[in-house]
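Written out below as structure tokens is the structure these notes cover.
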Amino acid sequence: MRGLFPKTTQYNPAVRAYRATDFPAVAEVYALARPLEFQNEATDLKLLPLSEDPEVLERFHRNRLLVFEQQGIIKGFAGYEKDYIGWLYVHPAYQGQKIGRTLLQILFKQMSVPQVRLSLVNSNHTAKKLYKSLGFVELETFPFEMQGQVIEGVRMARITVQENTYLKRG
């Protein structure tokens, strides 16, 4: 992935491309933020660390990843593959500081696709509110199984500005 993103993005100097040396800090952010995805679910999930979940780790490495770093501290990260955002995690101590919003806005610029898609736990109201504020709409809900428990997910999509511009002209 060398050369995919500049050392820091032109959009925000705190956002840069993920490096392999970031993995311990990113894995810590993931371990602390991931349980918040399921906090409104009546489930007792045993969430594995990123390094111990081979399927999730493989998906992680397939994505183009960005990190939000200030003063040597990785406060969040995001990633995508083609038109699908599969990763957005912000360390709980730094949530509410527009880190997730910043990462997403930079991802949109990097992705350059007509539509951006993502899925999330339907009860993750905080994330849903963020996505809706950035123009995502809910497409459908769907059940998925995790550790033998059925959880409701929601698929969302956002038409990019370029697509909106085209539609207005046409």
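Every number in this text was worked out from the coordinates using simple rules, so none of it is lab data. Computed from a predicted structure; not experimentally measured. Cβ atoms come from the backbone with ideal geometry, glycine included; neighbour counts cover every protein chain shown.
Okay, which of segment 48-71 sit inside 13 Å, backbone N to the point 7 Å along the Cα-Cβ direction of A31?
Those under the cut-off are 48-53.
GNM, the chain, Cα, under 10 Å: largest mean-square fluctuation among K109, K128, K46?
K46
Let's see if you can work this out: charge +1 on each Lys and Arg Cβ, -1 on each Asp and Glu Cβ, no other charges. What is the dipole magnitude of the chain about its Cα centre, in debye to the nearest 20?
For this selection, approximately 1000 debye.
Among N40, Y89, A14, flag the residue with its Cα farthest along the positive direction of the charge dipole of the chain, charges on Cβ as +1 for Lys/Arg and -1 for Asp/Glu.
The residue sitting farthest along the positive end of the dipole is A14.
Determine the alpha carbon to alpha carbon distance for each of K98/K128; K109/K132; K75/K98; K46/K128; K46/K82 and list only those over 20 Å.
K46/K128; K46/K82
Can you give the Rg and Dmax of the chain based on its C-alpha atoms, in angstrom?
Taking only Cα atoms of the chain, I get Rg and Dmax of 16.1, 50 Å.
For the chain, what is the mean residue ellipticity at 222 nm derived from helices alone (per DSSP H run of n ≥ 4: -39500 (n - 2.57); sum divided by total residues; nearest 500 deg cm²/dmol)?
Result for the chain: -10000 deg cm²/dmol, rounded to the nearest 500.
Which value, in debye to the nearest 20, gives the size of the charge dipole of segment 69-170 about its Cα centre, when Lys and Arg are +1 and Asp and Glu are -1 at the Cβ?
480
By how many nm would the segment from S119 to E52 grow when fully extended, if each residue of separation counts as 0.36 nm and the alpha-carbon distance is taken off?
Values: separation 67, 0.36 × 67 = 24.12 nm, distance 2.26 nm.
Length difference between fully extended and current span is 21.9 nm.
Take F38, F142 and order them by how many other Cβ atoms sit within 10 Å, fewest up front.
Details: F38 18, F142 12.
Lowest to highest Cβ neighbour count: F142, F38.
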